[in-house]
Amino acid sequence: MRTADAVIIGGGVTGVSIAYHLAGLGVRRVLILERKFLGSGGTGRSVGIIRQLYPTRETSEMVLRSLAVFERFGEAVGGEAGFVRTGALIGVAPAMRPALERTLALQKGIGIQAEIVDPPDLARIEPRIDTSGLGAVLWEPGSGYGDPSAVTAGFAGAARRRGAVIEQGVEVVAIRRHADRVVGVDTATGERFDAPVVINAAGLWSPRVARMAGVELPIIIGRHPVFTVARDAKFGRAHTVYLDLAGGSYVRPETGDLTLTGSLTDDETQHPMDPELLGSEAGFDEAAEVLARTARAIPALADARFSRGYAGAFDITPDWMPILDESAVRGFWIAAGMSGHGFKLAPAVGEMMAALVTGVRSAVSPTPFRLDRFDSRASPGDPATFVSSYLRPSGPPGSDRAAR
């Protein structure tokens, strides 16, 4: 029998951020149990886009707090975040412009640095984008992308320096309860850990982990394929991050003259996936439609050469917002349902979860992320629950559902 003050199940970017922040608040015996290796789940397949404008004040506050960490990661945490400030452009159809203007007006008050650009003026920022069909473009000059694996390693190293213990290759197979309270976990190797706090940060495996404690989470694991193309030599300098919500694709530059791209119109909840298939091959036949949309958005990418594709995935809640809350089983906490934006929010999620567990006042209101908000809602995948706006808070997929 071993003991801990808090056991975190899952060694992705969310789990290690929580461990780092818990240890920073004085929790002495913090233990992460990871079934494979750090970042082996959704974190390692994340596209890593970091954008700022979200539909709720709380989510925007969290991404701003996270962005501040990414910008000075070496100083704030230690290690490298791989943050590249390319700027981010988000193109919307004419019908979506009023919603974009309203949301931006509300969020500028909390520090969102963005402006709306008329399509004819976009050439001053990124002249290679085809603006036909666009009603407006949001420009976030401070946004870009980061390296999820490097951020995970940085938080893990910093958590260890604060005294946290990380055990890899250790799978949790049971969560022990006494009445309505969690008391510990058991592993596949027969080890038993006593702990008054167990945090489910298992990402794509979080519904399975929750069931071990008798808790059902309204989460669907949805498949989201990602494709890599090699840009032609004549393409020139790397492009910005661009989410073409009118056309249905996104692009993010990568080193080595590569571009990551994927769909913004496919509803991942309608494509459930076994998380064990994460990273499996997604071939050219599947990529063809997405690449055609990408070429329409940025015609210069029409000559890009298909390199490879893989199956990514999201753990999706009905409102595409994370669950950051204690369950009905006392001491069993949930940090899951990130819905595609776990990486960009990871620093703030770790900060909020540590505050909730220890009883410290959270810098951002946790109310919108409570588990009980789903008590009277439809289940994941119900079309009635989709937000009819591109401002749905997800990583790559924020499509205009109403216009589809």
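Worth a mention:
- Qualifying position, being open to solvent by less than 10 Å² (accessible area, probe 1.4 Å), under 13 Å from the mean Cα position of the chain (by Cα) and within 26 Å of Arg208 (Cβ to Cβ), among Val13, Val30, Val7: Val13
Residues are listed down the side, and each one gets a yes or a no for (1) assigned to a strand (DSSP E or B); (2) surrounded by fewer than 24 Cβ atoms within 10 Å (Cβ to Cβ):
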| site | (1), (2) |
| --- | --- |
| Leu243 | yes, no |
| Gly279 | no, yes |
| Ala292 | no, yes |
| Phe306 | yes, yes |
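- When every residue of the range 250-270 is checked against the conditions, none turns out to be open to solvent by 20 Å² or more (accessible area, probe 1.4 Å), modelled with pLDDT of 95 or more and touching a helix residue (DSSP H, G or I) at 6+ places or on another chain (Cβ under 6 Å).
- Restricted to the range 59-98, and to residues there that are within 27 Å of Arg237 (Cα to Cα) and of a type in the set (Asp, Glu), the residue that is surrounded by the most Cβ atoms within 10 Å (Cβ to Cβ) is Glu71.
- The residue that is least open to solvent (accessible area, probe 1.4 Å), counting only those in the range 33-47 that are in a loop (DSSP other than H, G, I, E, B) and farther than 24 Å from Ala4 by Cβ, is Val47.
- Selection count, the range 220-241, where residues are of a type in the set (Gly, Ala, Ser) and either outside any loop (DSSP other than H, G, I, E, B) or in contact with a Lys or Arg (Cβ under 6 Å, 6 or more places away or on another chain) (or both): 3
- Of all residues in the range 246-264, those satisfying the criterion of being assigned to a loop (DSSP other than H, G, I, E, B), out of contact with any Leu (no Cβ under 6 Å at 6 or more places or on another chain) and farther than 14 Å from Leu291 by Cβ are Thr255, Gly256, Asp257.
- Taken together, the residues in the range 222-264 that are aliphatic (A, V, I, L, M) and either farther than 21 Å from Ile125 by Cα or without any contact (Cβ under 8 Å) to a residue 12 or more places away in the chain (or both) amount to 4.
- Of all residues in the range 292-329, those that are over 21 Å from Ala123 (Cα atoms) and β-branched (Val, Ile, Thr) total 4.
Matching residues to (1) under 22 Å from the mean Cα position of the chain (by Cα); (2) open to solvent by 10 Å² or more (accessible area, probe 1.4 Å); (3) closer than 30 Å to Ala88 by Cα:
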position	(1), (2), (3)
Ser143	yes, no, yes
Ser149	yes, yes, yes
Ala158	yes, no, yes
Gly163	no, yes, no
Val170	no, yes, no
Ile175	no, yes, no
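- Within the range 99-114, the residues that satisfy the criterion of being open to solvent by 70 Å² or more (accessible area, probe 1.4 Å) and within 20 Å of Gly144 (Cβ to Cβ) are Lys108, Gln113.
- Any hit, the range 214-221, residues being more than 29 Å from Gly144 (Cβ to Cβ), touching a residue at least 24 places away in the same chain (Cβ under 8 Å) and open to solvent by less than 20 Å² (accessible area, probe 1.4 Å): yes
- Taken over the range 341-366, the residue count meeting the criterion of being at pLDDT 95 or above and assigned to a loop (DSSP other than H, G, I, E, B) is 8.
Listed here are the residues, each with its yes/no results for (1) farther than 26 Å from Leu122 by Cα; (2) at pLDDT 95 or above; (3) under 13 Å from the mean Cα position of the chain (by Cα).
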{"residue": "Gly41", "(1), (2), (3)": "yes, yes, yes"}
{"residue": "Ser46", "(1), (2), (3)": "yes, yes, yes"}
{"residue": "Gln52", "(1), (2), (3)": "no, no, yes"}
{"residue": "Ala68", "(1), (2), (3)": "yes, yes, no"}
{"residue": "Val77", "(1), (2), (3)": "yes, yes, no"}
{"residue": "Glu80", "(1), (2), (3)": "yes, yes, no"}
{"residue": "Thr86", "(1), (2), (3)": "no, yes, no"}
{"residue": "Ile90", "(1), (2), (3)": "no, yes, no"}
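- Going through (1) out of contact with any Asp or Glu (no Cβ under 8 Å at 6 or more places or on another chain); (2) under 30 Å from Glu140 (Cα atoms); (3) among the β-branched types (Val, Ile, Thr) one by one, Val215 falls short only on (2).
- Val173 among the β-branched types (Val, Ile, Thr) and in contact with an Asp or Glu (Cβ under 9 Å, 6 or more places away or on another chain): yes
- Test result for Asp180, in contact (Cβ under 8 Å) with a residue 40 or more places away in the chain and in contact with a Lys or Arg (Cβ under 8 Å, 6 or more places away or on another chain): yes
The values are calculated or read from the model by the stated rules, or taken from the named source; none is laboratory data. None of these values were measured; they are calculated from a predicted model. Cβ atoms come from the backbone with ideal geometry, glycine included; neighbour counts cover every protein chain shown. Each accessible area value is taken on the protein alone, full model and side chains, heavy atoms only, with ligands, DNA and RNA left out. Shrake-Rupley method; radii C 1.70, N 1.55, O 1.52, S 1.80 Å.
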